Each structure stands twice: as structure tokens, then as C-alpha cells.
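Data block below; observations after.
The values are calculated or read from the model by the stated rules, or taken from the named source; none is laboratory data. Since this is a predicted model, take the numbers as computed values, not measurements. Here Cβ is always computed from backbone atoms with ideal geometry, including for glycine, and neighbour counts include all displayed protein chains.
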Amino acid sequence: MNYARELFRKAGMTPEAAEQKSHIWEGYEMVNVISWIVGAILFLISGIHLYWMAGGRKGALAAIPSAGSEPVFLPTKIATGIVAGALALSGWFVLELGEAIERLLFPDWLLTYGGWTLAGVFLIRTVGDFRWVGFFKKRKGTLFAKWDTVLYSPLCLFLGLGLIYVMND
């Protein structure tokens with residue numbers, strides 16, 4: 001039985017309406033959906049970094065760890081651009097890995113090892129350095145620490161687990 005059709009029926013749709021709606025999802029597997037979600041998040045974050053590289057200021061203070069009012073480091077435009085490029089490439093990588101798009105850039109061996117490496121990077125970022133970033137950071141009470149706890153670390157956990165799901169499919 002079609003999984004989407006069953007979900008629509010459980011949501012209270014008539015069998016005919018569920019059948020019609022489920023055709024939208026034909027050919028998609030959950031791995032494709034997760035790949036698109038993870039890839040889209042990475043592309044979005046890449047776009048934010050491009051915005052900062054171009055001189056945008058919104059959200060920048062919340063994205064850099066700080067010791068009180070002093071940032072721990074000040075990223076250069078070049079470093080921000082490199083991060084933006086790496087995030088965009090990672091987004092494309094995830095789409096190829098989950099076979100959401102045709103494989104064009106990455107060989108099979110790189111998809112295999114790179115997928116586990118990328119998942120590891122996000123999961124390690126989730127745990128953090130035990131000082132400034134991650135769930136186990138010691139430095140709390142700053143704008144960055146707040147956003148790291150509420151958004152950045154949970155997002156890294158989702159991305160890491162999403163990549164593991166894609167790798168295991």
C-alpha cells in the first residue's frame with residue numbers, strides 16, 4: 001500500500017481523495033525528502049553567510065561566540081565566503097548522496113566516506129568544544145550561547161542524524 005495514501009486516509013480523507021493526493025508523492029521515498037530538507041537547510045545557511053560576506057549585519061552578533069561583549073574571533077570576508085561555499089557544496093553533496101538529484105560532481109567512494117565524515121562533523125559540532133559552542137559549553141549567558149542552545153546545536157544534531165539516515169538507506 002502507498003505510504004502517503006495511508007497517511008492521508010488516517011488524516012480523515014476519503015479513499016478517493018487520499019488516492020488523488022498520494023500521487024503527488026509517487027516516486028519519492030523518505031530518504032529523498034530528508035535529503036531535500038537537509039540540503040535546503042545547508043543552502044539557506046550558505047546564503048546567510050553570503051549575505052554577511054557582502055556586508056550584511058543582521059544576525060551576525062548572534063552567530064559569533066563572545067566573552068561578554070567581546071567576540072572570541074572576527075571572521076574575515078574571505079573566511080565567511082569559504083564557509084558559504086563549503087555549506088553550498090555540502091548541500092549539493094547531500095542531494096546527490098540521497099539520490100534526490102542525478103549524480104554529477106561526486107564519485108561513489110566520496111559519497112560513502114564523505115557522508116559519514118559530514119555527519120560526524122555536525123554531530124561533533126552538536127557536542128561542542130566544552131567551552132564556547134555545543135550542548136556542553138561552559139560559557140553561557142551571551143547572545144551567541146542563547147542561540148547556540150536554542151537553534152545552532154539542535155540544528156547540527158538534526159543535520160547529523162539526517163545524514164546518518166540518508167547514509168543508512
### Query
Filter the stretch 68-121 for residues that are closer than 18 Å to ALA40 by Cα and among the charged types (D, E, K, R); which is surrounded by the most Cβ atoms within 10 Å (Cβ to Cβ)?
GLU96
### Query
If the Cβ limit is 8 Å and pairs must be 6+ apart or interchain, which residue in the stretch 1-17 that is outside any helix (DSSP H, G or I) pairs with which residue that is modelled with pLDDT under 70 and of a type outside the set (A, V, I, L, M, F, W, C)?
ASN2/SER22; ASN2/GLU26; MET13/LYS21
### Query
Can you spot a residue in the stretch 18-34 that is at pLDDT below 95, surrounded by fewer than 12 Cβ atoms within 10 Å (Cβ to Cβ) and not in a helix (DSSP H, G or I)?
yes
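Would you mind finding the one in LEU123, LEU110 that is touching a residue at least 12 places away in the same chain (Cβ under 8 Å) and out of contact with any strand residue (DSSP E or B) (no Cβ under 8 Å at 6 or more places or on another chain)? Steps first, answer last, please.
Details: LEU110 fails: touching a residue at least 12 places away in the same chain (Cβ under 8 Å).
Only one candidate qualifies: LEU123.
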#### Entry: Whichever residue in the stretch 38-61 is surrounded by fewer than 16 Cβ atoms within 10 Å (Cβ to Cβ) and in a helix (DSSP H, G or I) and, among such residues, is farthest from the chain's Cα centre (by Cα)
LEU61
